[in-house]
């Protein structure tokens, strides 16, 4: 893990292998433990089939209790598991709470992995015993954080962790985030888990509102394949151990900017590590008559299989982009549309720019990261999404994957 | 071409190579010529960037003139080519009309291929001269039809032709259809060209209304990758040379059923030949509270990259299907949902059916064609789509393709 990652004081991290993943010895169970009760905020999937831990988590958050522990397993999503799945979440939460001498209402649960398989509750309970044993060991906190970040991975290739310090008028506070992403990443937070931890003290309502704004500007603006999972969760905890209470507007603004920075860094890592992805592409629609139009066009282009495959092929096939703009279902004047690849003007007024040379477009697409800007010249609104390419490896991973 | 394909009397077919495709000698220009003026009906793409020939074709149809000739080129879509593209269509139509001694208003034009490249009008004019020369040759009509069907192909692997006879109270009439499909096939008729020809005599308004109903039940119910092209066109011609005038409701019903059969046969060929496709999957949503819900869920499942990749992997991963049902944006009670793969009940009441065995589901998915039925048990409405799988070959074709 990079030396630059600031680790938030007042939290402990554990990651162990409990046999939930097929690969022997693979880390698959993580614990995030706050030394003190932490004010919690969360955003969950909008999928109509929320997984059992999402149903449980929504109830916890509604009850407004501060949280102490977060248990996250990979290898099984505990989704579409019916009443039994919900019972299993409670069993696990109560078991962990008893072991840590907490109230079960202080324990948050997340799961990720295959949908519809019975939840392997016995293995998880045994895994919790390993977690507790490991918690007693003197593992360096940065190593422990990395192990926790690895334990929540499914088809992710690398753990995703970031941490920064923020100087407020009340002193220095820290923000540390970890996440998992890979497949099914969609604007509405599909198959994504993210945990944002701080040692600042912050009011519950302010924290929840801030998280919602930040999620809508970060995790909800990425897309890998357009699918939205049953388990997506962003949980934010503020345990206040820094002693810095964020109440004045200047501090809160500063802190929100930092939170957005952390969330965007994690969101970018998720896109970069999208299943099989070789490119990170920022799609921006500008000059829209309204925000809804900008978003609709942006999402249509970012989710087009033909556009994403062209990115993989490093093919400056702007025709596919303009076709996707055209079928987004937005009224527009095609003769006003301009398209740029990075600084290269490709389309002017709906047709190929007369000065455009294929080689200039191809050079942009050969980069690992680039931007596509679509200017509708019909208004003031704009919307941006990060997306990835659609590759052979995506097909391989998803034709074969059942962790 | 199969002996069983009935070729409609009163039409001539030509297909030639005119250098529009990169491969030397590849057929790329087709002519469909009616011996007499034919009553025309058409359905066009809803893309906001309609190609120049679509703009031209809409005007022709609006003028209500009977048609004699249809010229179709592959290799260049003449889309996003601006004013010049529209001028080029007129140039081509006038050139062909003069050569055949027709009114330009009797000449319909279609183009398919790469978007945004200048239309190679000189090559097309030279190609027309080859077409006219070939028209003079005594090519067997079935061979000529196959050549025309090949000339309209882009990444299609095989020509798509069907022909049947219909016994009406007025005598026998024939229906012959040819189409091209492959990539970008979407419910709303993306990158698809289809021509439905008959020797029946039929009133213009009846013909147009019938075509619209048939298209909504056939070509608009298929999906390969969810993209919708700038050029999609279904054109139907009725030249009346059989002398059978279809006016009574019984004959019209009979004929419409036959037209739907022809359209569905072509639609199925298009899905089967979807870029890289190895599976044809019929997705049906039943028991929906209303038709819009049924369609929304059906299209979401049929367009999910994760679901389509699981089909390719022959992985009975019903969790991905249920996840897609859940994010379709429809209010539903997840505990009522049943899912069948062919005759195998997989999900009952939102969870895995207790009697379901993975091997039974896997056996269904090993077939080249199978059905997925999603029963919401919440109403009477239903919707069906044909879709294909998402494969390595799809990625290869679209990462590399620029015809």
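The values are calculated or read from the model by the stated rules, or taken from the named source; none is laboratory data. This is a predicted model, so every value here is computed, not measured. Counting neighbours? That spans all protein chains shown, and the Cβs are built from the backbone with ideal geometry, glycine included.
Among residues of segment B:330-343 that are surrounded by fewer than 21 Cβ atoms within 10 Å (Cβ to Cβ), those with a beta-carbon under 6 Å from a residue that is assigned to a helix (DSSP H, G or I) at least six positions away or on a different chain give the pairs B:342/B:364. If you filter segment A:315-327 down to residues that are part of a loop (DSSP other than H, G, I, E, B) and within 8 Å of chain B (Cβ to nearest Cβ), you find that the one that is surrounded by the fewest Cβ atoms within 10 Å (Cβ to Cβ) is A:315.
Note on segment B:290-314: residues that are free of Cβ contacts under 8 Å to residues at least 60 places away in the same chain, in contact with a helix residue (DSSP H, G or I) (Cβ under 7 Å, 6 or more places away or on another chain) and more than 9 Å from every other protein chain (Cβ to nearest Cβ) amount to 1. Within segment A:383-396, being surrounded by fewer than 19 Cβ atoms within 10 Å (Cβ to Cβ) and either assigned to a loop (DSSP other than H, G, I, E, B) or within 22 Å of the chain's Cα centre (by Cα) (or both) holds for A:384, A:393. Of all the residues in segment B:300-314, those that are buried (at least 24 other Cβ atoms within 10 Å of the Cβ) and part of a loop (DSSP other than H, G, I, E, B) number 1. Within segment A:257-280, is even one residue over 19 Å from the mean Cα position of the chain (by Cα) and more than 14 Å from chain B (Cβ to nearest Cβ)? The answer is no; no qualifying residue exists.
Condition check ((1) modelled with pLDDT of 75 or more; (2) farther than 29 Å from residue B:29 by Cβ; (3) more than 11 Å from chain A (Cβ to nearest Cβ)) across all residues:
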| residue | (1), (2), (3) |
| --- | --- |
| B:172 | yes, yes, yes |
| B:183 | no, no, no |
| B:194 | yes, no, yes |
| B:197 | yes, no, yes |
| B:205 | yes, yes, yes |
| B:215 | yes, no, yes |
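State whether one or more residues within segment B:77-93 are within 20 Å of residue B:48 (Cβ to Cβ), away from chain A (no Cβ under 14 Å) and more than 22 Å from the chain's Cα centre (by Cα). Yes, segment B:77-93 has at least one match. If the condition is being within 26 Å of residue A:197 (Cα to Cα) and crowded, with 22+ Cβ neighbours inside 10 Å, then segment A:80-112 contributes A:89, A:92, A:93, A:96, A:107, A:108, A:109, A:110, A:111, A:112. Quick one: residue B:115 ticks every box in (1) over 16 Å from residue B:152 (Cα atoms); (2) part of a loop (DSSP other than H, G, I, E, B) except a single one, so which number is it? It fails just one condition, (1).
Return a yes/no flag: does segment A:228-243 have any residue that is surrounded by fewer than 21 Cβ atoms within 10 Å (Cβ to Cβ), in the same structural domain as residue A:111 (by TED's automatic domain parsing) and either farther than 27 Å from residue A:81 by Cα or over 17 Å from the mean Cα position of the chain (by Cα) (or both).
Our first condition is that a residue be surrounded by fewer than 21 Cβ atoms within 10 Å (Cβ to Cβ); within segment A:228-243, this holds for A:241, A:243.
Filter again for in the same structural domain as residue A:111 (by TED's automatic domain parsing), leaving A:241, A:243.
Filter again for either farther than 27 Å from residue A:81 by Cα or over 17 Å from the mean Cα position of the chain (by Cα) (or both), leaving A:241, A:243.
Yes, segment A:228-243 has at least one match.
The requirement of being more than 11 Å from chain A (Cβ to nearest Cβ), more than 24 Å from the chain's Cα centre (by Cα) and modelled with pLDDT of 95 or more is satisfied by residue B:250. Summed over segment B:104-140, residues that are closer than 20 Å to residue B:180 by Cα, out of contact with any helix residue (DSSP H, G or I) (no Cβ under 7 Å at 6 or more places or on another chain) and at pLDDT below 95 total 2.
Looking at segment B:33-53, can you tell me whether even one residue there is buried (at least 24 other Cβ atoms within 10 Å of the Cβ) and on the phi > 0 side of the Ramachandran plot? Within segment B:33-53, none of the residues are buried (at least 24 other Cβ atoms within 10 Å of the Cβ) and on the phi > 0 side of the Ramachandran plot. The criterion of being in a strand (DSSP E or B), closer than 18 Å to residue B:218 by Cα, within 14 Å of chain A (Cβ to nearest Cβ) and in contact with a helix residue (DSSP H, G or I) (Cβ under 9 Å, 6 or more places away or on another chain) holds for residue B:285.
The set of residues in segment B:55-86 being in a helix (DSSP H, G or I) and more than 22 Å from residue B:239 (Cα to Cα) consists of B:55, B:82, B:83, B:84, B:85, B:86.
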